[in-house]
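The values are calculated or read from the model by the stated rules, or taken from the named source; none is laboratory data. Here the structure is a predicted model, which is why all the values come from computation and not from measurement. We place every Cβ from the backbone using ideal geometry, glycine too, and count neighbours over all the protein chains shown.
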Amino acid sequence: MREINVRARLLPAFSIAMLVTVLTVACTSKQDAGKMVIKGTIINNTAKWAYLEKVPVTIEPTVDDSAQIGKDGTFTLTGKTGESVIYNIRFDEMRTPAASVVNDKPLIKINITMSPSPEPIVDKYEVSGSPVSESLKKFMVSTNTELQKIFVIAKERDSLQRSGASDSIVMDLENKQAKLASELKAFSLKSIDEAKDPALTLYELGYYQAMANSRGFGLEGLTLDIVMGVVNKTAAAFPKHEGLAAVKTQLAQQAAQDQTQQQPGSQELVGKPAPDFTLPDVNGKPVSLSSYRGKYVLVDFWASWCLPCRQENPNVVRAYNQYKAKGFNVLGVSLDRPGQKDKWLEAIAKDNLTWTHVSDLKFWESEVVGLYGLQGIPFNVLVGPDGNIVAQDLRGPNLISKLGEVFN
């Protein structure tokens, strides 16, 4: 379905795989490479083999070394130093790595404690001899601790929503989730800025963005401009790092391509005048976006046939109910199909969308598609009283959070 492709296009405008490219490119660097030895111990072990994997461009990792685990839980793996790169340590056929290290020192020691549960899950690990690997571990532990808090709140919120809890209770949880998400973003950006190794910088950057792409956490993804700023700064600090140079070039090429194609999500609309349009409302009366001048209005692009849109509608309803008394408006713009006005109206009533709605019922041939460069829905822009776009693609708790900044 078209809307599934759309959400991918509206994700932050850079490829996580592109960031990871640095880690593989580094392995073919001309910089002198020595031996890196990892001496490890695994506690509560049931595994027979340990593997050292180089983080790849493709989905499947590449194995650099393997070792049989001793009866006492010890193992030794060998990689290379030289240009910095991330290595994963994995046991048997674990779906996720047991730990990750950076090849900044010739000898790294790691102690991994497995959970006593039937599933092969890491309870904790300690790394020594590698300052960068220690920093990586601290970042992962802090980030995953906060993600767990966000997950618990999101799960409770969804449960209360399904049970018909009041909007005030649900909104309180959404506000808590938005606060935690904002704090995690600030922490991640600070950690990325303070990283003293290029592989660590790119790893943290990619990890945060991967979590932001998982929309259930409500994290705000980093824009292409922010990513390019981080990469350019790091490349300037490590001019001989060939992987970074390659990523910098690829990001510049993507930025040029995105500017040419003017894709939503990669196209930055914030700060620009919102393109005006006039479409008929549910009664056939023409309504113009410019009629909202002097007010805050969320222009919400959706359709009755779009499942992600319908799933997002309760969030918009809560935001509208919470801030309409303060001057917040919503203008629903539907991309429903020709001859299906009844389905459009039915969805409005069923989802309790009590604001103004407009549509020319022309599906993807609607004039707004070209005006806003739409390649998918759901999508929205928050327009300020001066007619300029204040924010775009506000979903879940991010919408409530932004409105809190505007009205409180």
Candidate set: segment 349-360, residues that are surrounded by 17 or more Cβ atoms within 10 Å (Cβ to Cβ) and in a loop (DSSP other than H, G, I, E, B); chosen: the one modelled with the lowest pLDDT: 351
Answer from 110, 121, 169 - the residue that is in contact (Cβ under 8 Å) with a residue 60 or more places away in the chain and more than 21 Å from residue 212 (Cβ to Cβ): 110
So residue 408, is it without any contact (Cβ under 8 Å) to a residue 24 or more places away in the chain and polar (S, T, N, Q): yes
Boolean, residue 319 is buried (at least 20 other Cβ atoms within 10 Å of the Cβ), aliphatic (A, V, I, L, M) and modelled with pLDDT under 95: yes
Residue identified as under 18 Å from residue 102 (Cβ atoms), surrounded by 14 or more Cβ atoms within 10 Å (Cβ to Cβ), touching a helix residue (DSSP H, G or I) at 6+ places or on another chain (Cβ under 6 Å) and at pLDDT 90 or above among 180, 184, 205: 205
In segment 63-81, the residues that are among the hydrophobic types (A, V, I, L, M, F, W, C), in a strand (DSSP E or B) and under 12 Å from residue 47 (Cβ atoms): 67, 75
Count - residues of segment 131-165 that are of a type in the set (Gly, Ala, Ser) and touching a helix residue (DSSP H, G or I) at 6+ places or on another chain (Cβ under 9 Å): 5
Options 84, 100; residue that is assigned to a strand (DSSP E or B) and either at pLDDT below 85 or closer than 22 Å to residue 195 by Cα (or both): 100
Segment 376-398, subset part of a strand (DSSP E or B) and of a type outside the set (Val, Ile, Thr), residue farthest from the chain's Cα centre (by Cα): 388
Selection count, segment 281-316, where residues are surrounded by 14 or more Cβ atoms within 10 Å (Cβ to Cβ) and either outside any loop (DSSP other than H, G, I, E, B) or small (Gly, Ala, Ser) (or both): 22
Within segment 361-375, considering residues that are in contact with a Pro (Cβ under 7 Å, 6 or more places away or on another chain) and in a loop (DSSP other than H, G, I, E, B), the one modelled with the lowest pLDDT: 375
